[in-house]
Structures are given as C-alpha cells and as structure tokens.
Amino acid sequence: MPQFQMGKPSVGVVYDCGMASIDDALALALLFGSQGKSESRVISVSVTKCNLKAAAFADALVRFYTGPPGPFGPAYMAIGMSTTGLMPEDTPMLTTPLAKTDADGKPLYPRGVSKMNDTADTSALIRNAFSAQYDDNALVVLSGPATNLAHVLDMPGVKDLIAKKVRLLSVNARESDLKADLASARRLFAEWPTPLFAVGPDVGAALPFPSASLDKEFAWTPNHPLVDAYRAYHAPPFDAPSGALAAALYAVRPGAGYFKESDAGTIQVMDDGRLKLQAGGAGKHRQLTVDPAQKDRILQAYVELASTKQVPRAPRFRPGQKKQAEEQKKQ
C-alpha cells in the first residue's frame, strides 16, 4: 500500500543501471536534482552487473544526496545488485571515490555495501517499489543491460502490476549494453506492457555533458563523489556522452519538448545491439532523437539538475506521529 502522504506524491522513479559509465552516475544525480524540485522521487536504485564496487558507489551517491535518515523518514535506501550479470572490472570511476578517507581514516563517502548480503534482490526490490506507488505514478529508467528488468517480468503478476503503476520506461539504448544480454533486451522490448522510449547512442554523442561545470556548478562542496568519479573515469577536459542523462531527463520531464519523438511502433533489438523501429500498428515504442534547437536547454537542465545540493529527506508522518514529534520538541 502507498505510504501515508498529504495528497498524491510526485512520481516515483525506479533507476536500474550498469554504473559502468560516468553518465550512469550523472543520471542518478539528475534524478535527485529532479527530486529536489519535487518533480519526482527516487524510489529504487539497482545495478545490472554483479559487482560490489558498483553497488557500493551507487549506495555512496544515494547517501551523499539524501543524507542520514531522520526519526520519521525512511531508512537508508537498499541497493539492488544482480547476481547473474557479468562481473565487470573494478574501474577507477568506482574505486577512486570509494578509496578516499577523511582525517580520521574513515571513508569520505559513507556507504553500507561491502558484501553480497548488504545488497537487495533486484527483482523483489523493483516489484516492491512498484507496489508501494499510486496507480500510474511510477517511471522506470534503464541505463545498462536489461538483465534485471527481464527478471522482474518473470515474477507472477508483475506485468499486470507494471501496467497499472508505471507511466513509461525510458531506455538509454547503448548498443554495448543491449548486446551484453541480448536475450533480456529482446524480451524487455517485446513484453514490457507500458509505453517505452529509447534513446539512441547518437543522442548521447550529440549532447555531451560539459565537464567545465565540475569546477563551477559542482564546486559548492570541496568533496564530491561524482566529481571524483568523473575525473577518475577520464581526465578533464572530457565532455562525456549523455545517453543516460537524456533517458532520465525525458522520464521526469516528458512534456518539456527537449527531444524529437518518432511515431509509435515496435522496436526490435538487432544482433549487434542496434535498434530497428517498425512504425505503425499497435506498438507502444518510440525513439527519441536530437532536436538541435533544444541543445542549450538540455545542457542547462543536465547541469542544473545533476549539480544539485543534497536533497533532505522529507518526513513522512503517519497519523498522530506529527503531533507526537511536536510534543517531544517542547519537552
């Protein structure tokens, strides 16, 4: 059942990613920036590959942006991790920020993931996130292999649940990701029951994230895990492809006119990971392409949202708890 709220909350976002490219991390930051503007809420974060460093870095980012839980707020968010995906290399993007310590030798960016048992089962995590939302009040953003979402489709009754709860699925369709688990990608595109929007590699390449913002908009704190990860991923100046950012931005602002949309149709995943759209019929798929006239608006949104300061956890009072909290403050 949805948690008690004053009115219907903003749309909840399930984010499933490989955390293998810096734009995967930037997209998570963008989603928290959207949360800070009360446009959406991050309700689930999972990684599509079996790698503890990827899960730990995702956990560190979530904790960095949300801070510690308050007395009436939710606990730290559980991070889902695939147990069947490929084990990728512990890349500098992951290890560099995780290795940093403060003056006392403690991790500079706290996290709670150090072993397998510290992570959540992705299928149950995502299903439960859907179940807790009001009808038609959830979004899904995928930036990685389709492994986790295909496994979610295996669960009894979940397709009907998705059709009831989810508005759309926005996919960063990197060819390498789709090809990494081709069977899951094909199943996802064939069986996902809601509208699906695919961001091709050309979009990310045409709208690179401006690395100059690292020394400007991100300078509000001397220690930033995303900045450390970006510089470890590739030494600046390096403007990173932004496919994951585009998928996340479209999901939370679908009516903003940032991208061109194809006619509805059915998308097939080819052997090499490329997409082929057959327009018409009863298809629910669309491809997003670049609108050159919107480039400046998009880059401005990328930087503004991804460079957000920490997003305080909003207390979610159940009946009677708010009055109790106020009485305790007076004592």
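Observations
- Percent of beta bridges antiparallel (DSSP, the chain, rounded to nearest 5): 25 percent
- Largest GNM mean-square fluctuation across 232, 173, 244, computed for the chain with C-alpha springs under 10 Å, falls on 232.
- Every helix of 4 or more DSSP H residues in the chain counts as -39500 (n - 2.57), and over all residues that averages to -11000 deg cm²/dmol at 222 nm.
- Note on residue 295/residue 114: beta-carbon distance plugged into 1/(1 + (r/R0)^6) with R0 of 35 Å gives a FRET efficiency of 0.25.
- Sequentially through the range 272-288, phi angles give Karplus couplings (6.51, -1.76, 1.60; θ = phi - 60°) of 8, x, 6, 9, 10, 9, 9, 6, x, x, 9, x, 10, 9, 9, 9, 9 Hz, Gly and Pro residues having no value and appearing as x.
- Within the chain: Cβ-based charge dipole about Cα centre, in debye rounded to nearest 20 (Lys, Arg +1; Asp, Glu -1): 1080 debye
- Cα Rg, Dmax (largest Cα-Cα span) when computed across the range 94-244, Å: 18.5, 52
- Neighbour net charge for residue 127 - beta-carbon separation under 14 angstrom, K R +1, D E -1: -1
- Student exercise, the range 75-138 dipole from Lys, Arg, Asp, Glu Cβ charges, in Debye to nearest 20: 160 debye
- Highest-fluctuation residue, 305, 182, 161 considered, GNM on the chain with Cα pairs under 10 Å: 161
- Our summary gives the chain a relative contact order of 24 percent, counting only alpha carbon pairs under 8 angstrom and 6 or more residues apart.
- Signed unit charges on C-beta, dipole axis of the chain, positive-most listed residue 12, 203, 113: 12
- Most mobile of 308, 101, 289 in a GNM of the chain (Cα contacts under 10 Å): 101
- Overall form of the range 11-330 per C-alpha gyration tensor (a/c, 1.5; a/b vs b/c): rounded
- Taken over the range 156-240, the ratio of Cα radius of gyration to 2.2 N^0.38 Å equals 1.50.
- The distance separating the Cα centre of the range 223-246 from that of the range 88-147 comes to 18 Å.
- Restraint check, 179/295; 53/159; 100/216; 260/284; 49/164; 106/309, Cα-Cα greater than 24 Å: 179/295; 53/159; 49/164
Values in this text are rule-based calculations from the coordinates and carry no lab data. Please read these numbers as outputs of a predicted model, since none were measured by experiment. Because the Cβ atoms are built from the backbone with ideal geometry, glycine has one as well, and the counts that use them run over all protein chains shown.
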